Structures are given as structure tokens and as C-alpha cells.
Amino acid sequence: LIISLHRKKCIGCNYCVEMAPRQFRMSKKDGKAVLLKSQDKRGFFIFKSSNHSIYEGVKKASEACPVKIIDIRET
């Protein structure tokens, strides 16, 4: 499972945190979403996991995101 977040385009709506609180937090510094345990790859924050139990929550977060900046790929 590969999750990516295009953080620069985040508008701080908090839907991702509501749908997948174990994967996302809101930054106190700038009010944008943070993908926990991710690595920054040129503005895209990437998190790889073999834990497929997180898929449903992240999928809901991706669907709820009004600016469509969360992407999920199965490996």
C-alpha cells in the first residue's frame, strides 16, 4: 500500500483526519494535513505500508478530500 499526499495544495479542511486519524494530523504550524510517518519527495509525502487494514480509512479520506490531493496505490 502506498499513500501519497500533495501537501502544498492542502486547504486544511480536516476531512482526512476525521476519516483516518491514525494516518493524518493537522499541523499546528500551518493548518495543513500531515501524513504521519511519511517521507517528503519533492512536495509529495509518501507512506508505504504492508498493513492493509488502514486502506478503508485512507480511501474514505481520499474520497472526502475536496482538493483531491490524497492518492492510494496497492502494491
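Readers should treat all values here as calculations from the given coordinates under stated rules, not as data from a laboratory. Being a predicted model, the structure only gives us computed values, none of them experimental. Here the Cβ positions follow ideal geometry from the backbone for every residue, glycine too, while neighbour counts run over all protein chains shown.
Gyration tensor over the Cα atoms of the chain: the corresponding equivalent ellipsoid has semi-axes (square roots of 5 times the eigenvalues, largest first) of 17, 14, 11 Å.
Here the chain is assigned +1 on the Cβ of each Lys and Arg and -1 on the Cβ of each Asp and Glu. Its dipole about the Cα centre then comes out at about 340 debye.
Total lysine pairs in the chain at Cα distances under 15 Å, for residues eight or more apart or on different chains: 12. Here the extension length gained between GLU63 and GLU18 equals 15.0 nm, from 0.36 nm per residue of separation less the Cα-Cα distance. By how many degrees, between 0 and 90 and to the nearest 10, does the Cα long axis of helix 55-64 differ from the longest principal axis of the chain? Between helix and principal axis, roughly 40 degrees. Summarising the label geometry, the points placed 7 Å from Cα in the beta-carbon direction at LYS8 and LYS28 lie 2.7 nm from one another.
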